[in-house]
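Asks: Submitted below is the structure of interest, expressed as structure tokens.
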Amino acid sequence: MKVVLLAGGFGTRISEESAFMPKPMIKIGGMPILWHIMKEYSFYGHNEFIICAGYKQEYIKEWFANYFLHNSDVSFDFRQGRNEMTVHHSHLEPWKVTVVDTGYNTMTGGRIKRVQEYVGKETFMMTYGDGVCDVDINKLVAFHQSHGKIATLTAVKMAQEKGVLNIGGDNAVKSFREKNINDGTPINAGYMVLEPAIFDYLKDDDTVFEKQPLVELAEKGELMSYIHTGYWQCMDNIREKNMLEKLLAEGNAPWKKW
């Protein structure tokens, strides 16, 4: 099953690094967060990727163009007055990667629409290029196949950041307790499974996937949620980047199953 990755946005909230490269190419543990996401899918046997690029899309193309060379043992022989390169060993994943320039200002739905010809008429997966998760991809796919709807999204609960108040009708605080994960509101964490019928809901470059298409699917009963109670974290700012770096350095990265 093909995996579509949204990697075309500006990443303005982490501009300290996105000024120089697309946000999904910002490195954690020495490798782009996009690479980490791809490794997650690859762990479950999904190795064909379609990357929806836009802002600084040449950076993504050049990174993958050099990936083979940078992950191989090579000899360069200049003795005969020419450059002869011999590849001895390669340390590569079994990936097929298609990088598509989906436009500079295209919205998320428009980016997905632009890769329709590469997806074809088959079920596919989609997620955002700035969040890691330890969801079991194959269980997610099995859940999607079990209900027969057009779309499945992975839903996670984010804990409240403040203490929780129980307030009575007279505005008196009846009790106070510390926050817990059950207080959070489920959010769309990406890691979606979509039927090709989704393209009928994507009109043009101005289509924001998370608005009209998903709202319409929900109204028609065609959108299901796969509840994930494990780890999920997006990388919206430097603080979150540093947090992911720390987890990797300590060997405690939940998403790293490979």
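Asks: Which one of these is without any contact (Cβ under 8 Å) to a residue 60 or more places away in the chain, within 24 Å of residue 124 (Cβ to Cβ) and of a type in the set (A, V, I, L, M): 112, 50, 60?
Replies: Result of the check over 112, 50, 60: 60.
Asks: I need the strands (runs of 3 or more DSSP E) fully contained in the range 68-117, keeping only those with at least 2 residues that are surrounded by 11 or more Cβ atoms within 10 Å (Cβ to Cβ) and under 30 Å from the mean Cα position of the chain (by Cα).
Replies: Here the list reads 96-101.
Asks: Take the residues in the range 87-129 that are in contact with a strand residue (DSSP E or B) (Cβ under 8 Å, 6 or more places away or on another chain) and basic (Lys, Arg); name whichever of them is nearest to residue 196 (Cα to Cα).
Replies: Among those residues, the one meeting the criterion is 114.
Asks: Restricting attention to strands (runs of 3 or more DSSP E) lying wholly within the range 156-240, give those where 2 or more residues are surrounded by fewer than 11 Cβ atoms within 10 Å (Cβ to Cβ) and at pLDDT below 95.
Replies: 164-167, 173-177
Asks: Related question: Only one of (1) in contact with a helix residue (DSSP H, G or I) (Cβ under 9 Å, 6 or more places away or on another chain); (2) farther than 22 Å from residue 122 by Cβ; (3) of a type in the set (Asp, Glu) fails for residue 73. Which number is that?
Replies: Every condition holds for residue 73 apart from (1).
Asks: What do you reckon, is residue 244 over 19 Å from residue 33 (Cβ atoms), within 18 Å of the chain's Cα centre (by Cα) and in a helix (DSSP H, G or I)?
Replies: no
Asks: Let me ask something else. Out of everything in the range 19-41 that is touching a Phe, Trp or Tyr at 6+ places or on another chain (Cβ under 7 Å) and surrounded by fewer than 20 Cβ atoms within 10 Å (Cβ to Cβ), what residue ends up being modelled with the lowest pLDDT?
Replies: 21
The values are calculated or read from the model by the stated rules, or taken from the named source; none is laboratory data. Bear in mind the structure is a predicted one, so any value in this text is a computation, not a measurement. Please note: Cβ atoms are built from the backbone with ideal geometry, for glycine as well, and neighbour counts cover all protein chains shown.
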